[in-house]
Structures are given as structure tokens and as C-alpha cells.
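A short worksheet on the structure shown next.
The values are calculated or read from the model by the stated rules, or taken from the named source; none is laboratory data. Please read these numbers as outputs of a predicted model, since none were measured by experiment. Backbone-built Cβ (ideal geometry, glycine too); neighbour counts: all protein chains shown. Ligands, DNA and RNA are stripped out before the accessible areas are found, and what is left, the full protein with its side chains, is counted by its heavy atoms. Shrake-Rupley method; radii C 1.70, N 1.55, O 1.52, S 1.80 Å.
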Amino acid sequence: MHRFISLFIFFSICVVHSAKAHSTGYESFKPVAGETTYRYLFWDVYSAQLFTPTGQYNPEDPLALVLTYKMTLKGKDIAERSIKEMRLQGLKDKSKQVAWGNTLKTIFPDVEDGDVLLGQKNADGSTSFYYNNNQIGFIDDADFTSWFFSIWLGPKTSEPALRSELLSLEGSKK
């Protein structure tokens with residue numbers, strides 16, 4: 001009986017640890033490093049919030065990028081735009097473009113006004129994706145993680161004003 005109780009406690013701890021590893025996790029990142037709204041022509045596409053453990057961005061640290069959509073978009077289009085943005089920043093490897101694009105197309109759902117997509121850079125360099133607080137995908141590739149979050153946070157982003165606001169850089173509008 002003692003062995004059974006020990007095993008039960010051990011597996012309970014493993015399950016709790018596993019659940020924590022796959023929860024959105026950014027609850028511990030309460031400080032908001034920055035926030036902004038992405039606009040395309042006349043439309044608000046999404047609001048974006050960046051959460052970090054310290055409230056300051058450090059490219060080596062975990063982070064959570066929360067996008068709250070303000071319009072309807074197809075998941076396939078979000079995936080394709082993500083790969084296009086990586087390409088614009090210098091991703092030349094065609095095999096990665098294809099593989100990551102196919103993976104993102106299976107992860108990203110269609111979104112509507114009010115839906116939330118959250119991308120989380122984990123401490124081990126992997127990326128977890130959540131849709132309205134439910135985990136929808138996981139990519140265990142630090143290279144992908146770097147390219148993906150550079151869409152918003154990298155110095156070669158196609159949206160430097162959005163980057164400045166997310167990173168709360170000097171001169172960004174509030």
C-alpha cells in the first residue's frame with residue numbers, strides 16, 4: 001500500500017509538472033513590456049501585448065506575445081504571412097520555409113473579432129501556441145522560435161513602429 005501511495009504521489013507530481021509546462025505560463029510574466037495595435041490601411045487587424053518575466057525585453061528570455069484579433073482572418077493566411085515576414089527578414093532556407101509554413105497551417109485556426117492567439121517562447125527555445133487559452137501547437141525548434149518572434153521584435157521587422165511600441169523604446173507613441 002505504501003508503494004502505491006508513493007507511486008500515486010510521484011505520478012501526481014509529474015502530471016502537475018506536465019500541465020504547468022503546457023499551460024500558457026505567461027501568468028508569471030505579469031509585467032507588460034509593451035502593447036500596440038497593428039493597422040493595415042484603414043483597418044485595425046489586432047492588438048498586441050508583449051509579456052516578459054521582468055517587463056523588459058531580452059531576446060534570451062522567455063516571452064509571450066498576445067494578439068487579440070479585430071477582424072476575421074483565415075489561419076492559412078496567417079501562416080503564409082508569417083513565412084513571408086520571415087523571408088523578408090532574411091530567411092533563405094527554402095526547406096525551412098516550406099516545413100514551417102506547412103506546420104503553421106496545421107496550427108493556426110481561422111480567427112474572428114475578439115479571438116486571441118498567443119505565441120510563447122519557452123525557456124528551452126521552443127514555441128507554444130494557444131488559441132483562446134487552449135494549447136493548439138508546439139514547435140521544438142529554437143531556430144524557428146528566433147525567426148518567428150523576430151516578425152514583431154527583430155530589428156529587420158517590416159513594422160518598426162509596432163516593434164518600438166511593443167519594446168517600449170524611446171520615442172514610441174503610447
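Numbers below:
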quantity	calculated
Flag for Trp100 being of a type outside the set (Lys, Arg) and either closer than 18 Å to Arg39 by Cα or in a strand (DSSP E or B) (or both)	no
Qualifying residue in region 70-84 (condition: at pLDDT below 95 and within 24 Å of Asp141 (Cα to Cα))	no
Failed item, numbered, when Tyr130 is tested on (1) under 18 Å from Pro59 (Cα atoms); (2) open to solvent by less than 10 Å² (accessible area, probe 1.4 Å)	(1)
Which numbered condition Ala142 fails, given (1) open to solvent by 10 Å² or more (accessible area, probe 1.4 Å); (2) small (Gly, Ala, Ser); (3) closer than 20 Å to Glu80 by Cβ	(3)
Residue list for region 74-87, filter: open to solvent by less than 50 Å² (accessible area, probe 1.4 Å) and without any contact (Cβ under 8 Å) to a residue 60 or more places away in the chain	Gly75, Ile78, Ala79, Ile83
Ile151 being in contact (Cβ under 8 Å) with a residue 40 or more places away in the chain, open to solvent by less than 40 Å² (accessible area, probe 1.4 Å) and under 14 Å from the mean Cα position of the chain (by Cα)	yes
Criterion (among the charged types (D, E, K, R) and more than 14 Å from the chain's Cα centre (by Cα)) met by exactly one of Asp110, Asp61	Asp110
Region 88-104 - residue that is in contact (Cβ under 8 Å) with a residue 12 or more places away in the chain and not hydrophobic (A, V, I, L, M, F, W, C) and, of those, nearest to Ile78 (Cα to Cα)	Gly101
Which numbered condition Glu35 fails, given (1) at pLDDT below 95; (2) of a type in the set (D, E, K, R); (3) open to solvent by less than 80 Å² (accessible area, probe 1.4 Å)	(3)
Residues within region 38-69 that are hydroxyl-bearing (Ser, Thr, Tyr), modelled with pLDDT under 95 and out of contact with any Leu (no Cβ under 7 Å at 6 or more places or on another chain), tallied	2
